[in-house]
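Trainee: Would you mind keeping the following structure in view while I ask a few things?
The values are calculated or read from the model by the stated rules, or taken from the named source; none is laboratory data. Just so we're clear, the structure is a prediction, and the values are computed from it rather than from any experiment. Reconstructed Cβ throughout: ideal geometry from the backbone, glycine too, with neighbour counts over all protein chains shown.
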Amino acid sequence: MAFRVLIIGGTGQVGAAVVRALAAEPSCAEVLMVNRRAISLSADPRVRQVVLDTAAAEFPLEVTELAQSLIARGDPVLAACCVGVGQGSLKWSEEELRALEIGVVGGFARGCRSGGITRFALLSAVGSTSQSRIRYVRIMGLKEETVQAAGFQRLAIFRPGIIAGNAHTPSYVAWLGRLIPGRFGVIEQDDIARAFVAEFVDSGAQDGVVYLENGAMRRMSRTLK
């Protein structure tokens, strides 16, 4: 079954990998990227972009209108958020992190839900919880809670450990991470991207909130042809 995807954060490392994986999936009819600034796109006509001011008060309403316009085309529409600062978060103040990870992401999620989208995929991080004393982990947990509050029929929260193949992950960190088993260890960026696509392809996915860590993402990645 054909589907369309509305995505924010598609210009980042993981987000760009997700867009590439979606473009490689025959059943993906369209990928609409919400960007803060215009970028050069591939020649694939299924991938297009719209430039919005994510800090503007009208941002959620603009997302709602985009969602409605995609739904009007008749295919199922799903949403993805790959916004994330990652290692660069050390250079950001807590106010700046909250504005992006909670403010922008929350506005996008609410706009998608108001526009009629019922399935959402969110990039987060392993161990995220709003109760943590670690700033980044706490903000990721708050981001998850904010998106959950939007009320999606199905919400898939992707919680990778150390991301290999990512420009923001030093090679030595990725190497050391391979010695760490389980959810805190290494996962390839392309496996995360393919797992996002597998989530969208699975039209029979059960309702509710599901947390996907390294092992689950690898298994999902292998299900794609």
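Trainee: Name the residue, out of 77, 105, that is under 21 Å from residue 2 (Cα atoms), at pLDDT 95 or above and buried (at least 17 other Cβ atoms within 10 Å of the Cβ). Write out each step before concluding.
Mentor: Numbers: 105 fails: under 21 Å from residue 2 (Cα atoms).
Of 77, 105, the one residue that is under 21 Å from residue 2 (Cα atoms), at pLDDT 95 or above and buried (at least 17 other Cβ atoms within 10 Å of the Cβ) is 77.
Trainee: Would it be correct to say that residue 107 is of a type outside the set (D, E, K, R) and touching a Pro at 6+ places or on another chain (Cβ under 8 Å)?
Mentor: yes
Trainee: Next up: Scan the range 111-135 residue by residue and report those that are buried (at least 19 other Cβ atoms within 10 Å of the Cβ) and either of a type in the set (Asp, Glu) or in contact with an Asp or Glu (Cβ under 9 Å, 6 or more places away or on another chain) (or both).
Mentor: Step one: list which residues in the range 111-135 are buried (at least 19 other Cβ atoms within 10 Å of the Cβ), which gives 111-113, 115, 117, 119-126, 128.
Matches in the range 111-135: 111, 115, 119, 121, 122, 124, 126, 128.
Trainee: Any chance the range 1-15 includes a residue that's assigned to a loop (DSSP other than H, G, I, E, B), within 21 Å of residue 117 (Cα to Cα) and within 16 Å of the chain's Cα centre (by Cα)? Steps first, answer last, please.
Mentor: Residues of the range 1-15 assigned to a loop (DSSP other than H, G, I, E, B): 1-2, 9-12.
Those left that are additionally within 21 Å of residue 117 (Cα to Cα): 1-2, 9-10.
Cutting the leftovers down to within 16 Å of the chain's Cα centre (by Cα) gives us 9-10.
Scanning the range 1-15, I find at least one residue that is assigned to a loop (DSSP other than H, G, I, E, B), within 21 Å of residue 117 (Cα to Cα) and within 16 Å of the chain's Cα centre (by Cα), so the answer is yes.
Trainee: Quick one: what pairs do we get from the range 11-38, first residue more than 22 Å from residue 73 (Cα to Cα) and free of Cβ contacts under 8 Å to residues at least 60 places away in the same chain, second surrounded by fewer than 21 Cβ atoms within 10 Å (Cβ to Cβ) and basic (Lys, Arg), C-beta under 9 Å, 6+ apart or different chains?
Mentor: Here the result reads 11/36; 11/37, each pair linking the range 11-38 to a residue that is surrounded by fewer than 21 Cβ atoms within 10 Å (Cβ to Cβ) and basic (Lys, Arg).
Trainee: Could you tell me which residue of the range 34-68 is surrounded by the most Cβ atoms within 10 Å (Cβ to Cβ), considering only residues that are within 13 Å of residue 7 (Cβ to Cβ) and of a type in the set (D, E, K, R)?
Mentor: Taking the candidates together, the pick is 46.
Trainee: Tell me whether the range 111-118 contains one or more residues that are touching a residue at least 12 places away in the same chain (Cβ under 8 Å), among the basic types (Lys, Arg) and not in a helix (DSSP H, G or I).
Mentor: No, the conditions are met nowhere in the range 111-118.
Trainee: Quick check on my filter: what residues within the range 20-51 are outside any strand (DSSP E or B), in contact with a strand residue (DSSP E or B) (Cβ under 6 Å, 6 or more places away or on another chain) and of a type in the set (A, V, I, L, M)?
Mentor: Result: 22, 23, 38, 41.
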